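A short write-up of the structure that comes next.
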Amino acid sequence: MLSYTVRRLGYMIVNLTLISIVCFYIINLPPGSFIETYSTQLDAAGSPASQAQLDYLTARYGLDQPLYVQYWNWIVPLVTQGDFGYSFEWQQPVWTLLADRLWLTIIFSIVSMVFVYAVSIPVALYSATHQYSFGDYSVNLLGVIGLAVPNFLLALLLLVGSAKFFGVTPTGLYSPQYMNAPWSWDKFVDLLIHLPVPVVVVGLAGTAATIRILRSQLLDEFQKQYVITARAKGVPERRLLMKYPFRVALNPIISTAGHLLPEIVSGSTIVAIVLGLPTIGPLLLRSIIAQDTYVAASSLMMLGVLTVVGVVMSDILLTILDPRVRMNRTN
Amino acid sequence: MSTSVIQPTDSIESTTAPLLEIKNLRVVLPILEGDLVAADGVNIQIKPGKTLGLVGESGCGKTMTAQSILQIAPKIAKTSGQILLHYADRPPTDIVALGKNDPELLRIRGGECAMIFQEPMTSFSPVHTIGNQLIEAILLHRTSDKKEAREIAIAMLDKVGIPAPAETLKKYPHHLSGGMRQRAMIAMALSSRPRLLIADEPTTALDVTVQAQVLRLMRDLQRDLGMAILYISHDLGVIARMADEVAVMYMGSIVEHAPVRELFRSVKHPYTKGLMGSAPRIGKKSGEPLATIMGNVPIPINKPTACGFFPRCPVGIAGICDQVVPPLVEVAPGHKSACFRYPQVLAAAGLESGTTNE
Amino acid sequence: MTSITIDSESSAPQGGRVLSRSQIFWSKFYRHKLAVVSLGFILFLYAIVLIAEFVAPYDPFQRHTDHLLAPPTAITFFDADGDFHLRPFVHALKNELNRETFQREYMVDTSVRYKISLFVEGEPYNLFGFIPMDTHFFGVEGDGKIFLAGTDTLGRDLFSRMLFGARTSLFVGLFGLAIGFGLGLFFGGISGYFGGAVDNFVQRLTEFLQSLPTLPLWMALAALVPPHWTPIQVYFGISTILAVVGWTTLARVVRGKLLSLREEDYVMAAKVSGVSEAKIITNHLLPGFMSYLIVHLTLAVPQMILGEVALSFLGLGLRPPAVSLGTLLIDSQNIQTLVFSPWLLVPGGLIIIIVIAFSFLGDGLRDAADPYRS
């Protein structure tokens, strides 16, 4: 168990390194040095960059050096000092831009995951035990629609609907008075009040997918010999369901967390843009369009780190819960 | 199909009242191609403390018949007929008529009748310990005291010959070998002291030496605990060792039924004869090819009214066997057969001159 | 019943009729009514968008400057006096600026009627790019206008634009899928075939890619498409980006299936019976494999379409003047416009229907291809 955890964490570090390399190369792929881009931008804005500024950047990132040296110059301060680089557009360190948004993204993703499981598990249980009933068909139909409606479209519909009927557009995660206020209990409560709408929008597709997987998993498990054995020994149906197939089917569900989390982070990116949530998504889009490369790379990297760490955690959890997986993995 | 021709004069039949009586059981599975008839008017009696062997090829309906006794056949199966469980002190229960959440059914399942299955590898839940699953059965039927249940569990595991029973309780199924798992399965089935044990090919998936051990174990346990066994197998050798009486099943019907010695001494159905001829035996002249039964078991979809064995039968009578279903009747003392080669069968079907009764 | 047949495949006297593999497949598929309808719809849609120039009443770039943000035109059989007309017609549309809200307001002028006709003459175009024609499938006579889905901010007919947009999006889906399929087949193939270190490497790579959030990655890669590229180049660029991220699932399916099929008892049985390698592949492996692939491909198309839509919506995918279902939705980013002109979301409805149709089709194919489900 311990050795597995250590090994898994080892893979994680490899993956994180890969992510940083991928992000770094994406920065460097567009032709031309971004220092040039930067100085043209400043020129266009009417405030030409000082030679000192440009020299600092060149020295800081070693732009005259080979790529792997540049990578090294970028990653070392990042890891050792949390220095993510500098935003050209905002004229401040990337980390100051990113920190708050990162926490909100994490909170938002976790709440969305909880929502997905809280809804999909009971619904799938009902659907599987009432196969071919009216309720089952309705759940299936809703599931198909949930999977087919792109979440940003759902967000748009929601905005239009509420603008039309209530005269307000529910954007953002805070009321205006808390926007720039320091963290307090009231601000936290305010956040909780604003969470449900975007969480439902982001979680819908994941919920539909999870219901589908869990339902078919349960139906498969119902056919298994060990369920028949348990029934043959006189276990009442309801208890049988909860103790055996549900317990076994939960494992693939936990392992789907590895797919669900990237999906939620992915979905929340675009929904956050539409609904104006102060998470990483809008920052990423803006920085990509403005070619604010360090912000873009750092945002992309943090999203990747978030999902990779989440997937590792779900993997370790699965190993704790399933004795078969435990045996396969620890041997 | 007038098959209830049980002669009350017969010696074996009358001495003891049956424990379980299956009357005219019919199990139909509606599938894509049509109705698959898994059991077609099965009549069997199981006597207390005795073993009835149910033999037949794969797909002949043995398992469906057995599963019907506990109402654990697949959901789509449509069951009709009667399965009567008799008691010494109260009227019998018809299991077919019980609802799926009837407390009486839950009491019978695992309590009155327990079952062990063919696949010891998949019969236990992979994510619960042996102890968890074994103690659950005991708590359902024997005692509500957890400590006592644990002690019974340890005693049962010891009885079926599992070394270090207390440690085994904490193990997961994948820690045990196939033979050990089947022993644990038997311990679980017998922990509630059932009156009937249904064993559905319990040794098929085990290798031969383990098979012999498990068979011996079941016989010893039967002697100690006195339960009746319905032993299902396709292996006549195993049946010969285990059974007191044998019922031979073909395409959902019982085609021959006799005490085990009587059956092996004088076979009275061409299908049984074919089965015996195709079993390898030590002592057979080497080089002599094994006999086979011509053709395959037809798939019993939209079954016609005829003898199911007719297309493969070496002695079939065209015009009779392919027109009428032969009833199962006594053709020798205590020996029933469903083959028109015996005048009693013809008579029972109302053919030939001897149309006396039924 | 004179002869005795023992072959259970033929009409045995026992009455047991056994269906062949493809018979079972199609009879199972036909039972899935929604899948059949979806298949019909998808084929119909692809046919329609191929001849979009003919079906669309207007050129997708033609601006009807008197009809900016006009609502969908109502088709009716009854005139202002309540009289029935066999030929459906539309009324004229007048607009005026509301002085209070500064919104353009449209009013139906019921006094003017324009009949709807089939095969009308209109703007000239080249069908399939080379057949010069000027006949459109339908239109209205005279000065009348017909906007089935309303017009956009520049007064372009949304219905016509949707047909052209659907063409782009449907084929971006297919094209991206083809690239992704190639990549998936290649990586899955070498992974399943060579095993060992190669397999391990490909496995880690797919795991790595799958653990990343797709959309941000797409966004970052889309930024690499140079702004000076032509729409055609952007089109292929975006398809490639979608495929580069999306091939992993297919690779896993291919690899898993290859590995498990190689180990199947029936393949081993064929081998020891002396069946040739080629025959094993064509008769045993491919049938088991193709149905799987087709199911996965079907289910992957909507993912590609949704990817293009999301990217274009964000302004990172196809860029106007290119028309796709995603670029059509860019207009709807402005909530104020959207509140007054909700028909701008109609392309979104088409997207939903397309995705639903593909997933029903995939479900139907999967159920039909699964030999263990009845």
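A few notes on this one:
- Among the strands (runs of 3 or more DSSP E) confined to segment C:63-151, the ones with at least 2 residues that are closer than 28 Å to C:Phe164 by Cα and not assigned by TED's automatic domain parsing to the domain that holds C:Leu344 are located at C:84-97, C:104-127, C:131-140.
- Only residues that are open to solvent by 50 Å² or more (accessible area, probe 1.4 Å) and free of Cβ contacts under 8 Å to residues at least 12 places away in the same chain were counted across segment B:133-154, and they come to 7.
Matching residues to (1) open to solvent by less than 20 Å² (accessible area, probe 1.4 Å); (2) within 14 Å of chain C (Cβ to nearest Cβ):
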{"position": "B:Ile301", "(1), (2)": "yes, yes"}
{"position": "B:Pro304", "(1), (2)": "no, yes"}
{"position": "B:Val315", "(1), (2)": "no, yes"}
{"position": "B:Cys321", "(1), (2)": "yes, yes"}
{"position": "B:Val324", "(1), (2)": "no, yes"}
{"position": "B:Pro327", "(1), (2)": "yes, no"}
{"position": "B:Gly334", "(1), (2)": "yes, no"}
{"position": "B:Tyr342", "(1), (2)": "no, no"}
{"position": "B:Val345", "(1), (2)": "yes, no"}
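- Test result for A:Lys224, open to solvent by 20 Å² or more (accessible area, probe 1.4 Å), among the basic types (Lys, Arg), without any contact (Cβ under 8 Å) to a residue 60 or more places away in the chain and assigned by TED's automatic domain parsing to the domain that holds A:Ala148: yes
- Among residues of segment C:160-179, those that are of a type outside the set (A, V, I, L, M), surrounded by 24 or more Cβ atoms within 10 Å (Cβ to Cβ) and over 13 Å from C:Phe236 (Cα atoms), counted: 3
A quick yes/no check of all residues on (1) part of a helix (DSSP H, G or I); (2) open to solvent by less than 30 Å² (accessible area, probe 1.4 Å); (3) within 30 Å of B:Ile72 (Cα to Cα); (4) among the aliphatic types (A, V, I, L, M):
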residue	(1), (2), (3), (4)
A:Arg247	yes, no, yes, no
A:Leu250	yes, no, yes, yes
A:Leu260	yes, yes, no, yes
A:Val265	yes, yes, no, yes
A:Ser268	yes, yes, no, no
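- When we screen A:Lys187, A:Lys243 for residues that are away from chain B (no Cβ under 14 Å) and surrounded by fewer than 21 Cβ atoms within 10 Å (Cβ to Cβ), the only hit is A:Lys187.
- Applying the set (1) in contact (Cβ under 8 Å) with a residue 24 or more places away in the chain; (2) over 16 Å from B:Ile162 (Cβ atoms); (3) open to solvent by 30 Å² or more (accessible area, probe 1.4 Å) to B:Thr209 leaves exactly one unmet item: (1).
- So C:Thr206, is it more than 11 Å from chain A (Cβ to nearest Cβ) and within 25 Å of A:Ser266 (Cα to Cα): yes
- Considering segment B:11-27, the residues that are open to solvent by less than 20 Å² (accessible area, probe 1.4 Å) and either modelled with pLDDT under 55 or touching a Leu at 6+ places or on another chain (Cβ under 7 Å) (or both) include one that is farthest from B:Ser253 (Cα to Cα), namely B:Leu19.
Each row is one residue, and each column tells you yes or no for (1) in contact with a Gly (Cβ under 6 Å, 6 or more places away or on another chain); (2) aliphatic (A, V, I, L, M); (3) surrounded by 15 or more Cβ atoms within 10 Å (Cβ to Cβ); (4) assigned by TED's automatic domain parsing to the domain that holds B:Leu70.
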site	(1), (2), (3), (4)
B:His174	no, no, no, no
B:Gly179	no, no, yes, no
B:Met218	no, yes, yes, no
B:Ile232	no, yes, yes, yes
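- Residue satisfying condition, being aromatic (Phe, Trp, Tyr), more than 14 Å from every other protein chain (Cβ to nearest Cβ), over 21 Å from A:Leu306 (Cα atoms) and crowded, with 21+ Cβ neighbours inside 10 Å, within set C:Phe187, C:Phe194: C:Phe187
- 1 or more residues closer than 23 Å to C:Leu299 by Cα: qualifying helices (runs of 4 or more DSSP H) within segment C:318-374: C:325-328, C:346-369
- Of the residues making up segment B:107-123, those that are of a type in the set (A, V, I, L, M, F, W, C), open to solvent by less than 30 Å² (accessible area, probe 1.4 Å) and over 13 Å from B:Leu196 (Cα atoms) number 1.
Residues are listed down the side, and each one gets a yes or a no for (1) within 12 Å of chain C (Cβ to nearest Cβ); (2) at pLDDT below 70; (3) open to solvent by 70 Å² or more (accessible area, probe 1.4 Å):
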residue	(1), (2), (3)
A:Leu2	no, no, yes
A:Thr5	no, no, no
A:Tyr11	yes, no, yes
A:Leu16	yes, no, no
A:Ser20	no, no, no
A:Ile27	yes, yes, no
A:Pro31	yes, yes, yes
A:Ser39	no, no, no
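- Residues in segment A:284-310 that are open to solvent by 10 Å² or more (accessible area, probe 1.4 Å) and under 14 Å from A:Arg101 (Cβ atoms): A:Leu285, A:Arg286, A:Ala296, A:Leu300, A:Met301, A:Met302, A:Val305, A:Leu306.
- Among the helices (runs of 4 or more DSSP H) confined to segment B:57-159, the ones with at least 2 residues that are over 23 Å from B:Val210 (Cβ atoms) and facing another protein chain (nearest Cβ under 9 Å) are located at B:103-108, B:130-141.
- Residue check for B:Leu36: at pLDDT 85 or above, in a strand (DSSP E or B) and under 20 Å from the mean Cα position of the chain (by Cα): no
- Some residue of segment B:203-216 being in contact with a strand residue (DSSP E or B) (Cβ under 7 Å, 6 or more places away or on another chain) and within 21 Å of B:Ala279 (Cβ to Cβ): no
- Residues satisfying the stated conditions in segment C:209-240, i.e. away from chain A (no Cβ under 12 Å) and in contact (Cβ under 8 Å) with a residue 12 or more places away in the chain: C:Pro231, C:Val234, C:Tyr235, C:Phe236, C:Gly237, C:Ile238, C:Ser239, C:Thr240
- Any hit, segment B:183-191, residues being over 29 Å from A:Leu321 (Cα atoms) and out of contact with any His (no Cβ under 6 Å at 6 or more places or on another chain): yes
- None of C:Tyr30, C:Tyr46 is assigned to a helix (DSSP H, G or I), in contact with a helix residue (DSSP H, G or I) (Cβ under 9 Å, 6 or more places away or on another chain) and open to solvent by 80 Å² or more (accessible area, probe 1.4 Å) except C:Tyr30.
- Test: residue in segment C:258-269 that is away from every other protein chain (no Cβ under 14 Å), open to solvent by less than 70 Å² (accessible area, probe 1.4 Å) and farther than 19 Å from C:Ile190 by Cβ: yes
Yes/no matrix, rows are residues, columns are (1) in the same structural domain as C:Val323 (by TED's automatic domain parsing); (2) open to solvent by less than 50 Å² (accessible area, probe 1.4 Å); (3) part of a loop (DSSP other than H, G, I, E, B); (4) within 17 Å of C:Val309 (Cα to Cα):
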| site | (1), (2), (3), (4) |
| --- | --- |
| C:Gln203 | yes, yes, no, no |
| C:Thr206 | yes, yes, no, no |
| C:Ala220 | yes, yes, no, yes |
| C:Phe236 | yes, no, no, yes |
| C:Ala243 | yes, yes, no, yes |
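- Note on segment C:129-159: among residues that are open to solvent by 40 Å² or more (accessible area, probe 1.4 Å) and of a type in the set (A, V, I, L, M), the one that is modelled with the highest pLDDT is C:Leu154.
The values are calculated or read from the model by the stated rules, or taken from the named source; none is laboratory data. Because the structure is a prediction, the values reported are computed rather than measured. Neighbour counts run over all protein chains shown; Cβ positions are idealised from the backbone, glycine included. Accessible surface areas use protein heavy atoms only, side chains included; no ligands, DNA or RNA. Shrake-Rupley method; radii C 1.70, N 1.55, O 1.52, S 1.80 Å.
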